[in-house]
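Here the structure is laid out as structure tokens; the discussion comes afterwards.
Taken together, the values in this text are just the output of simple stated rules run on the coordinates, not laboratory data. Not measured: the values here are computed from a predicted model. A quick note on method: Cβ atoms are made from the backbone with ideal geometry, for glycine too, and the neighbour counts reach across all protein chains shown.
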Amino acid sequence: MPKVVLHRDGQVYQDEVKDNTNLVVRAGIKQFPYPNLRYGCGMGKCAKCACRILKGGEHLPAPNWKEKKQLGAVRLEQGYRLICQLWLNHDIELAQDLQPLEPAAPASA
Ligand code: FES
């Protein structure tokens, strides 16, 4: 069971989740990390769910095309990922900025 640590606004939230868990899906049904994880579309289009990965990034798959499009190369290098695009099977520690990131690419219809 992956352990998830979320830093936001000076607070640290921590819990375990089942294998193959998507944190935005969980938040959508009001389970941890709700209400502390900001998210929007759940489809990799808005970048509201973006977080910096502090630990455990080595277990994540490479960014998909939506993450590359919405985050851009610089923010990917800084460790940002779109949490709605990730299914967790390992411990992870992440931080979400108070201000949502502007998507690198405008939302398409
Ligand atoms: S919730 Fe919109 S990009 Fe993740």
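Dipole magnitude for region 3-95: about 440 debye, using +1 per Lys or Arg Cβ and -1 per Asp or Glu Cβ, origin at the Cα centre.
Please give every one of the lysines within straight-line cross-link reach of LYS3, meaning a C-alpha to C-alpha distance under 16 Å, and leave out same-chain neighbours fewer than 8 residues apart. Hits, sequence-local ones excluded: LYS18, LYS55. In terms of overall dimensions, the C-alpha atoms belonging to region 3-95 reach 30, 27, 25 Å along their principal axes, ordered largest to smallest. Helix 65-77 and the longest principal axis of the Cα set of the chain meet at an angle near 80°. Measuring gaps between exposed loop sites in the chain (trypsin sites (Lys or Arg not before Pro); DSSP loop; at most 14 other Cβ atoms within 10 Å), the longest gap, sites not included, is 31-109. Here the spin labels are modelled as points 7 Å beyond Cα on the Cα-Cβ line, and at ASN89 and ASN64 they lie 1.5 nm apart. Close amide-amide hydrogen proximity is noted between VAL5 and ILE92, GLU93, LEU94, each under 5 Å apart and 5 or more residues distant or on a separate chain (H modeled in the peptide plane; Pro and chain starts excluded). Positive end of the dipole of the chain (Cβ unit charges, origin at the Cα centre): among ALA105, LEU82, VAL12, the Cα lying farthest that way belongs to ALA105. Rg and Dmax of region 48-96, both derived from C-alpha coordinates alone, stand at 9.7, 26 Å.
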